[in-house]
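A.B. asks: Here's a structure for you.
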Amino acid sequence: MTTLATITRLVDILERNVTQINPPLGYNRVIRALELLGIAVNEYPGETEDWLYINDCSYGSEAFIVGGYWHLTEWHSGQWSDSYRAMSALGTVFSPGMTDGPEPESCEQDIYKMLEQLAEGAQ
């Protein structure tokens, strides 16, 4: 069973690796953490508000889910790739409908841009 502590840990790991200039984890491991976040949130048996408002981090779970999803729509490596699997996991809890990217000047856009910088550095 997925716990709130698991989700909080994943958000903390993502924040430490996306917001730092020299992140401890590489891009591929950050993508795996995004996938695990999507899975954990999808499987969490509690209320949405529990994981939506994790206050220990500068960026909450929603910013990583939305920003990560939009990043992966542009950076996945095809249907059988790890990045596509991560995008699909995030898509189980975020359904963008007819929107076309994160809101300008939002935490989600900040995460989107930081993931892009991390991806470019991994090439």
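Read the figures in this text as sums done on the coordinates, not as results from a lab. None of these values were measured; they are calculated from a predicted model. With ideal geometry, Cβ positions are generated from the backbone for all residues, glycine too; neighbour counts draw on all protein chains shown.
A.B. asks: Suppose only helical runs count, i.e. DSSP H with n ≥ 4. What mean residue ellipticity at 222 nm does that imply for the chain under -39500 (n - 2.57) per run, divided by all residues and rounded to the nearest 500 deg cm²/dmol?
C.D. replies: -20000 deg cm²/dmol, from helical runs alone.
A.B. asks: Same structure again: Mind grabbing the base-10 log of I(q)/I(0) for region 42-94 at q = 0.12, 0.13, 0.28, 0.31 Å⁻¹? Debye formula, identical points on the C-alpha positions, no solvent, two decimal places.
C.D. replies: Log10 of I(q)/I(0), two decimals: -0.30, -0.35, -1.06, -1.16.
A.B. asks: For the chain, take N as its residue count and report Rg(C-alpha) divided by 2.2 N^0.38 Å.
C.D. replies: Numbers: Rg = 13.2 Å, N = 123, 2.2 N^0.38 = 13.7 Å.
Relative to the rule-of-thumb radius for its length, the chain sits at 0.96.
A.B. asks: Could you tell me which residue out of A40, M1, N28 lies farthest along the dipole of the chain toward its positive end? Charges go on the beta carbon: Lys and Arg +1, Asp and Glu -1, centred on the Cα centre.
C.D. replies: The Cα lying farthest towards the positive end belongs to N28.
A.B. asks: To continue, here is another question. Sort 61-71, 104-114, 34-44, 75-85 by packing, meaning the average of other beta carbons within 10 Å per residue, with the highest value first. All intermediate terms of the calculation are to be shown ahead of the outcome.
C.D. replies: Values: 61-71: 25.8, 104-114: 17.3, 34-44: 21.3, 75-85: 14.3.
Ranking, from highest mean packing down: 61-71, 34-44, 104-114, 75-85.
A.B. asks: So, one more: Going 7 Å from the Cα of R9 along its beta-carbon direction, which residues of region 61-79 have the amide nitrogen within less than 20 Å of the resulting point?
C.D. replies: 61-62, 64-65
A.B. asks: Relative contact order for the chain using alpha-carbon pairs under 8 Å, separation at least 6, rounded to a whole percent?
C.D. replies: Result for the chain is 30 percent.
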